[in-house]
Amino acid sequence: MKNITQKDKELIKECFSQLEKNNDYDNSPFSNKASIVRAKSGKIYPGINLALWYGACAEVIAIGNAIANGERELDCIVSSGYDKNNKPVILASCGNCRQLMARHCPNIDIIIEIDGKYKKVKVEELLPYGFEPTSR
Ligand SMILES: [Zn+2]
């Protein structure tokens, strides 16, 4: 677990911006989550969820966006949604997204909130004993 940097704070701010910009869940049920990936190149790639019973999650879209734009080394990801009071919050990724990161970007830092503070963790901390051989 690592502390976040100023660059990470900017990534969180951009994630909340994407969340607000694309949230129209009451009128058009496309999205109520957002995710931002920062590649090692320094470029950032947004994703929003496409609401359906099984996804697609915002992380899947953001990671796919980065890869579709030629990125192969992903540095950091953060995801957001709303709490029960409709306040934007950082969310830890679902199990499916954790598995996807274990396969496609096992070294990525994931920003999550722990005891009221933002921290960076590795996917192996969120998904110990995952399916991928690299996580064993
Ligand atoms: Zn997910």
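Every read-out reported here was derived from the displayed coordinates using simple, explicitly stated rules and does not represent laboratory data. Quick caveat, the model's predicted, so the values are computed rather than measured. Don't worry about glycine lacking a Cβ; one is built from the backbone with ideal geometry, like all the others, and counts go over all protein chains shown.
For Ile108, what is the net charge nearby, where nearby means another residue's Cβ is under 15 Å from its Cβ and Lys, Arg count +1, Asp, Glu -1?
Result for the neighbourhood of Ile108: +2.
Under 13 Å from the Cβ of Asp83, count the other residues' Cβ atoms, weight Lys and Arg +1, Asp and Glu -1, and hand me the total.
Around Asp83, the charge tally is +2.
Using the Karplus curve 6.51 cos²θ - 1.76 cosθ + 1.60 with θ = phi - 60°, work out ³J(HN,Hα) for each residue of the stretch 107-120 in order, rounded to whole Hz, and write x for Gly and Pro.
Whole-Hz 3J(HN,Hα) from phi for the stretch 107-120: 9, 5, 8, 10, 7, 9, 9, 10, 6, x, 10, 7, 9, 9.
Can you list the residues, at least 5 places off or on another chain, whose amide H is less than 5 Å from the amide H of Ala56, using H built in the peptide plane?
Leu50
Would you please give the residues with an amide H less than 5 Å from that of Asp75, counting only those at least 5 places away or on a separate chain, with H modeled from the backbone geometry?
Arg38, Ala39, Lys40
Rounded to the nearest 0.05, what FRET efficiency do Lys2 and Lys84 have when you use their Cβ-Cβ distance and R0 = 35 Å? Could the numbers behind the result be given before it?
Values: r = 29 Å, r/R0 = 0.83.
Efficiency, rounded to the nearest 0.05: 0.75.
With contacts defined as alpha carbon pairs under 8 Å and 6 or more residues apart, what's the relative contact order of the stretch 2-129 in percent?
After rounding, I find 21 percent.
Counting C-alpha atoms alone, how compact is the chain: give Rg to one decimal and Dmax as a whole number, in angstrom.
Every Cα atom of the chain included, Rg and Dmax give 14.0, 44 Å.
Given the pairs Lys9/Lys40; Lys13/Lys117; Lys43/Lys119; Lys7/Lys40, which span a C-alpha to C-alpha distance of over 18 angstrom in this model?
Long pairs (Cα-Cα over 18 Å): Lys43/Lys119.
What angle do you read, to the nearest 10 degrees and between 0 and 90, between the alpha-carbon axis of helix 6-22 and the longest principal axis of the chain?
Roughly 40 degrees between the two axes.
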